[in-house]
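In what follows, a single structure is set out as C-alpha cells and then discussed.
The numbers here are math on the coordinates, done by the rules we state, and not lab data. The shown structure was predicted, so the numbers you read here are calculated from the model rather than taken from an experiment. FYI the Cβ positions are ideal-geometry reconstructions off the backbone, even for glycines, and counts take in every protein chain you see.
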Amino acid sequence: MDKWFNVGKIVNVHGLKGEVRVISTTDFVAQRFKPGNHLFLFMPGANSNSPIELKVVSHRTHKNFELLTFEGFEDVNLVEKFRDGILKVPEDQLGALDEGEFYFHEIVGCLVCTVHGEEIGKVTEILTPGANDVWVIKPKTGRDILIPYIAQIVKKIDVKEKIILIEPMEGLLS
C-alpha cells in the first residue's frame, strides 16, 4: 500500500474552462503543480484505494489560491464534482531535502522537550500563518502550546528519534 501526502485541497471551481481553486498545503508549490506532473485526487467518502489520477495542464496563482487545470477536464461541468477533494502525491514523489529541512509529516508526532530535559508534549499540527511556521504541541494536560519554528527557540530536531529540543523564551510555556 502506498503512503500518500497531501499537497492541496480543491475548494471551488474558477471560471468555465475547468480551472479548480486549490488551497495549497505544500511548501513546494511550483514543483508540485508544474504542468505535466501527476496528482492523485481523493474524494471524501470514496474508496481511498482508488484515487483519480490527474495530469496538470496549467497552474497559476490567483490571490491566495492555486488555480489548476487537468488533462481531459477542461470544462467547469467536469470538475465541479472535484470540490472538497484532497490532492496528494505518493511517497516516491517527495524528493530529497537539503540538510536541516524537513517535511511536515516528519515533524508531526515528534516529542518536544526543553534543552534541560523537561517534556513538553507532542507536535500535533503545523500552522503556516506567515513569516514562520508555528508548531501546535499537545501536552499531557492542559491547553495546546504554540511554538514558533525559529532558531532562537528550536535548538535540535532529530526526526529519526522523533525528538525536538527547544529553549523556550520567557512566558512561552505559561
Problem - Extension gain (nm, one decimal) between ILE52 and GLU101, 0.36 nm per residue minus Cα-Cα - result: 14.6 nm
Fill in the blank from the handout: Ignoring GluC sites (Glu not before Pro) buried by more than 15 other Cβ within 10 Å or outside DSSP loops, the longest site-free run in the chain is 1-70
Exercise for the section: Select from region 105-166 those trypsin sites (Lys or Arg not before Pro) which occupy a DSSP coil region and have at most 12 other Cβ atoms within 10 Å, ordered by residue number. Expected result: LYS140, ARG143, LYS160
Practice task
Multiply the residue separation of PHE42 and THR128 by 0.36 nm, subtract the distance between their alpha-carbon atoms, and state the gained length in nm to one decimal.
Solution key: 28.7 nm
Problem - Length released on extending from LEU16 to ASN64, taking residue separation times 0.36 nm less the Cα-Cα span - result: 15.3 nm
Exercise for the section: Set the Förster radius R0 to 35 Å, insert the Cβ-Cβ distance between ALA30 and LYS81 as r into 1/(1 + (r/R0)^6), and round the FRET efficiency to 0.05. Expected result: 0.80
